[in-house]
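Worksheet: the structure to be examined is printed underneath.
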Amino acid sequence: MAASVHVAQVRALYKRILVLHRFLPIHLRALGDQYVKDEFRRHKSAAPEEVTGFMTEWQNYKNILQTQILESEGQRLSSVKFGAELPEGHLKNFQDEQVGQLYELMLESTKPNNQFNIEEDTFSK
C-alpha cells in the first residue's frame, strides 16, 4: 500500500514539473523536459535514503519554478530569469558525477537560444 502511495506521489511530481515546463521559453523547456525525464528514469531503483533527498530537491525545484512562473505573468518570457543560485556549500554534498552533470547542464542552459531546432507554433493571418 505504501509503495503505491509513493509511486503516485512521484508520478504527480513528475507530471507537475512537465506541466510547469510548458510555461518556459522553448529552448529551456526542451532542455528541462529531457533532464527531468532522464533523472526520474535514473532514480527508479534508487535506495530509500537517496529517494528522500531526490524527492525533496525536485519538490523544491517545482515550488521555485511555480513561484517564478506566477510572478512573471504578463511579462515577456525572454525577459524573465528562471532558476535559482546554488550556494557553494551545497556542492560539497554532491558526488563527482553530479557535479559533472550540473556543469554540463549549466553549459547547455547558457548556450544561445538557437541551439535547438525547434519552432514554436505561430499563427499568422
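The values are calculated or read from the model by the stated rules, or taken from the named source; none is laboratory data. Fair warning: this is a prediction, and the values are worked out from it, not measured in the lab. Cβ sites come from the backbone with ideal geometry, for glycine too, and all protein chains shown count toward neighbours. Side chains included, ligands, DNA and RNA excluded: accessible areas come from the protein's heavy atoms. Shrake-Rupley method; radii C 1.70, N 1.55, O 1.52, S 1.80 Å.
Scanning segment 39-81 for residues that are loosely packed, with under 12 Cβ neighbours inside 10 Å and in contact (Cβ under 8 Å) with a residue 24 or more places away in the chain returns a single hit, SER78.
Before we move on, is PHE23 touching a helix residue (DSSP H, G or I) at 6+ places or on another chain (Cβ under 9 Å), more than 18 Å from THR110 (Cβ to Cβ) and surrounded by 13 or more Cβ atoms within 10 Å (Cβ to Cβ)?
On the way: touching a helix residue (DSSP H, G or I) at 6+ places or on another chain (Cβ under 9 Å): yes; more than 18 Å from THR110 (Cβ to Cβ): yes; surrounded by 13 or more Cβ atoms within 10 Å (Cβ to Cβ): yes.
Yes; evaluated as a whole, the condition is true for this residue.
A search for C-beta distances below 9 Å between a residue of segment 96-109 that is within 13 Å of GLY32 (Cα to Cα) and any residue that is open to solvent by less than 60 Å² (accessible area, probe 1.4 Å) and outside any helix (DSSP H, G or I), counting only pairs 6+ apart in sequence or on different chains, returns SER109/GLY83.
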